[in-house]
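Everything below concerns the one structure shown next.
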Amino acid sequence: MGCNNHKETTTPTRSNITESVYASGIVKSENQYEVFAQINGKVETIFVKEGDFVKKGQALFQLENVNTKLSAANAAITALANDYQRNNEKLIDAKNAIELAKNRLTNDSLSLARQQELWSKNIGSKVELEQKELNFENAKVNLKKSEVTFKDLKRQLKLTSDQSKNNLQIAQSAKDNLIIKSEVEGYIYKINVKQGELATAIEPIAIVGKKNFIVEFNVDEFDIVKIEKGQKVIIRMDSYKNQTFEAKINFISPMMDKQTRSFRVEALFTEEPKVLYPNLTLEANIIIHEKKNALTIPSAYLQNESSVILENGSVQKVQIGLKDYSTVEILTGIDESTKIILPEE
């Protein structure tokens, strides 16, 4: 104990070594999604309770929003008033105006022809002839105006009718959104509102998902290149202390989250716990490489990732392989008979 020159030493040993990437995450229900209100409204009725099984399209909540209902009612009234068929009388009047203009044009044409015949026989005055000519030209202009008015009226009535119907659909869709329905078949895991409370498009009012569970975790951008589909994942959860479960990676997000600088990765359990709940926290070790009977030393004995100190104090270069949290594989440089010294901190 009193010898200041005493150094801790060891020799390489043969053991199994596993290299893995650590990540933290949560348990999620398959197809889990958060239910949001499309429009703000007071929760009038809650049709389900936590734990219920629901089908896709089943009503979950009924919201109350007076303005939305009034808007739908007003849109229905306007659409009815502007209906193209209901305004057919206006088109009939416009058609009658065209027929009247045609008759006037015919009469003025005949009148002009008679006046021209009289004028050729020196009967009548020049003023009378010019007046007939003017009447005839006015009749032609009025007929053209009547035809243009009819076309414009027809186009305007059709446009107003279509716009009113579209507005009615929009208002009706908003009204329909007062009934919030499930987008998936699954279970109600969480209800975040009570009857009479305000539901908004900002905060989720419920969480729905299937009974099947997946593992979701985030992998740092520095490690993502090591991750592949099908890799084994060792899962540890606070809910199951001293137990581990296996999963396999089945999805890797193709885009990095800018805020966390990480990638979302999903895995499926191959050994699923008997009881699981959404949002249970977990720790994951993604197995990158495994090797049996490897030559290893404690990581503390390696310095600068490339050398060890021999018993005589000299530095020996080594080539390393796999690494885990406590040991490192030695590929070349020393063997099982080499005694090495723990470097000073």
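Looking across the stretch 216-254 at every residue that is touching a strand residue (DSSP E or B) at 6+ places or on another chain (Cβ under 7 Å) and small (Gly, Ala, Ser), the one that is farthest from Leu268 (Cα to Cα) is identified as Ser253. Number of residues in the stretch 191-244 that are free of Cβ contacts under 8 Å to residues at least 60 places away in the same chain, buried (at least 16 other Cβ atoms within 10 Å of the Cβ) and either of a type in the set (Ser, Thr, Tyr) or more than 25 Å from Thr260 (Cβ to Cβ) (or both) equals 1. The condition (being aromatic (Phe, Trp, Tyr), in contact with a Phe, Trp or Tyr (Cβ under 7 Å, 6 or more places away or on another chain) and within 21 Å of Asp324 (Cα to Cα)) is satisfied by just one residue among Phe213, Phe245, Phe217: Phe245. Selection over the stretch 115-128 of residues that are without any contact (Cβ under 8 Å) to a residue 12 or more places away in the chain and part of a helix (DSSP H, G or I) gives a count of 6. Counting only strands (runs of 3 or more DSSP E) that sit wholly inside the stretch 1-74, those with at least 3 residues that are in contact (Cβ under 8 Å) with a residue 24 or more places away in the chain and either charged (D, E, K, R) or loosely packed, with under 14 Cβ neighbours inside 10 Å (or both) are 13-29, 41-46.
In the stretch 244-289, the residue that is farthest from the chain's Cα centre (by Cα) out of those that are of a type in the set (S, T, N, Q) and under 14 Å from Ile227 (Cβ atoms) is Asn285. The one condition from (1) farther than 27 Å from Val35 by Cβ; (2) modelled with pLDDT of 90 or more; (3) surrounded by fewer than 19 Cβ atoms within 10 Å (Cβ to Cβ) that Ala284 does not meet is (3). Each residue in the stretch 294-309 was checked for being more than 16 Å from Thr9 (Cβ to Cβ) and aliphatic (A, V, I, L, M), and 2 of them qualify. The residue of the stretch 321-338 that is nearest to the chain's Cα centre (by Cα), among those that are in a loop (DSSP other than H, G, I, E, B) and among the β-branched types (Val, Ile, Thr), is Ile334.
Where strands (runs of 3 or more DSSP E) sit wholly within the stretch 223-320, those with at least 1 residues that are under 19 Å from Ser20 (Cα atoms) and assigned by TED's automatic domain parsing to the domain that holds Gly25 occupy 232-237, 240-252, 262-269, 281-298.
Within the stretch 96-138, the set of residues being under 20 Å from Lys151 (Cα atoms), surrounded by fewer than 13 Cβ atoms within 10 Å (Cβ to Cβ) and of a type outside the set (Asp, Glu) comprises Asn96, Asn103.
The values are calculated or read from the model by the stated rules, or taken from the named source; none is laboratory data. Just so you know, these numbers come straight off a predicted model, no measurement behind them. Every residue, glycine among them, receives a Cβ derived from its backbone with ideal geometry; neighbour counts consider all protein chains shown.
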